[in-house]
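Every number in this text was worked out from the coordinates using simple rules, so none of it is lab data. The structure displayed is predicted, hence computed values, not measured ones. Counting neighbours? That spans all protein chains shown, and the Cβs are built from the backbone with ideal geometry, glycine included.
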Amino acid sequence: MATYNTIAESNNFIILDDYTRYSELHEAPVTYQTEAALEQEFIQDLVNQGYEHLPKLGTLAAMLANVRVQLQQLNDMVFTDGEWARFVEEYLDKPSDNLIDKARKIHENYIYDFVFDDGHIQNIYLVDKQLIARNKVQVISQFEQTGTHANRYDVTILVNGLPLVQVELKKRGVAIREAFNQVHRYSKESFNTENSLFKYLQLFVISNGTDSRYFANTVERNKNSYDFTMNWAKADNKLIRDLKDFTATFFQKNTLLQVLLHYSVFDVSDTLLIMRPYQIAATERMLWKIKSAYEGKKWSSIEAGGYIWHTTGSGKTLTSFKAARLATQLDFIDKVFFVVDRKDLDFQTMKEYQRFSPDSVNGSDSTAGLKRNINKDDNKIIVTTIQKLNNLMKSEQDLPIYQKHVVFIFDEAHRSQFGEAQKNLTKKFKRYYQFGFTGTPIFPQNALGAETTASVFGRELHSYVITDAIRDEKVLKFKVD
């Protein structure tokens, strides 16, 4: 009897294809719910999902003691009291640290070489980004802290003891903006006081029970307005708004940790960007496609790719950067190319990518420069134009890269030179995975020739179209006279 190997059986997407709303399975409670009752129910739902509740944790000293326990567990070691005091002073809660320094410790400098009293050195991790399940999540509530005013915070999520997510709740019927304004006030009055571990906050969640939103903790004036709050959603972009549903999806432990540790970018202007659901959906579906095609030995086929239909202005550059960056981290992928149509876009993309992460990209000003970048033994993303790539393939008959596993991500790839470059690519490269980003896909009914977006790249992996963007108020409505 034939045996079959399962190809990438579970995709583990955090943006779900299917989700049945709580209200469809349960009758709505008839009783009026106070804010305190809403909070208790929320905490209980988190506990049911595997969070540890620490009802007695109410002081900074207790919070620090808990961080110590969690970091010792994560790093499989023990601090003496003196070593712990030194670790806190030198690194964890350095007196001079501000919000930006703390964010950098979560995103970039999350491993610290600590010298123990006996002289040995060990890497101390604040978070484990490789094995996400090793990070411990806990929940506390009504933590009180004094800055210019005394404030009491509704619900705080701790990751390895550090407060990374702050949740502010209002009872059903109260405008959600009130929760937003409250977070804003706390940021000014007490989150960022000296010796406040709350400077580690990455993410705010606000909810009035019927509408729930998340947004990044950032000092960027124009990014911390209410317009930057986001709903969670399913893969079909249907919003997940009710707190019960938001808790069951967004606050699922793996999902929250992925959002915090993988689907966020701390850029060079010290702005924290947290990705939107459709950006995450596209990224994880591209990565799943690469992995499953590799495992099924389907590379260089139409099954080794697909296209992303995201409307103009929906943040495609961040999505493509994140997909490219995560693809470079797959151990079987040798190179990732981001291919744009024109020289000005080449420069623009380089600048954008370098803003997200300065040392993760190589650009090239000529075909020779492109060849040099290909030969470099690093895992940087190569940003280039179709023209340069095509010239390289025409002039170089045999390059080692042609035999290696490479990912191509094309941006708006429907222009003049695309056809010829595509033919050369499929001839030359023996193990490629290719994806297209487009705001205007070509379907059989609007194709000028035989080629459509799907015939070149494979099926649509995710779409976020203009009607979605208008509903989410992410683009302005337009009127055609």
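Each of GLU89, GLU35, GLU27 was scored by other Cβ atoms within 10 Å of its Cβ. Listed from fewest to most, they are GLU27, GLU89, GLU35. Only helices enter this figure: runs of n ≥ 4 DSSP H residues, each worth -39500 (n - 2.57), summed and divided by the residues of the chain, yield -10000 deg cm²/dmol at 222 nm to the nearest 500.
Quick check on packing: order 206-213, 104-111 by the mean number of other C-beta atoms within 10 Å, highest mean leading. Write down the numbers at each step before the final one.
On the way: 206-213: 22.0, 104-111: 16.1.
My ranking of the peptides, most packed first, is 206-213, 104-111.
Over all other residues within a Cβ to Cβ distance under 12 Å of HIS120, the charged ones net out to -4, with Lys and Arg as +1 and Asp and Glu as -1.
Between LYS430 and PHE332, the modelled label-to-label distance comes to 1.6 nm, taking each label 7 Å out from Cα in the direction of the beta carbon. Given R0 = 45 Å, the distance between the Cβ atoms of TYR110 and SER455 translates into a calculated FRET efficiency of 0.55.
Determine the alpha carbon to alpha carbon distance for each of LYS199/LYS291; LYS170/LYS351; LYS316/LYS388; LYS238/LYS376; LYS244/LYS351; LYS253/LYS322 and list only those over 32 Å. LYS199/LYS291; LYS170/LYS351; LYS238/LYS376; LYS244/LYS351, as the Cα separations exceed 32 Å there.
Placing unit charges on the Cβ atoms only, positive for Lys and Arg and negative for Asp and Glu, gives the chain a dipole magnitude near 1480 debye about its Cα centre.
Between ARG152 and ASP117, the modelled label-to-label distance comes to 4.0 nm, taking each label 7 Å out from Cα in the direction of the beta carbon.
As a size descriptor, the averaged projected area of the C-alpha convex hull of the chain was calculated at 29.2 nm².
Put a dot 7 Å past the Cα of GLN445, heading toward its Cβ, do the same for ASN254, and the two dots end up 3.8 nm apart.
Arrange the peptides 44-53, 174-183 so that the one whose residues have, on average, the most other Cβ atoms within 10 Å appears first.
174-183, 44-53
The alpha-carbon of LYS428 sits under 19 angstrom from the alpha-carbons of these aspartates and glutamates, leaving out residues fewer than 8 places away in its chain: GLU303, ASP334, GLU396, ASP398, GLU420. For MET286, MET77, the sequence from fewest to most other C-beta atoms within 10 Å is MET77, MET286.
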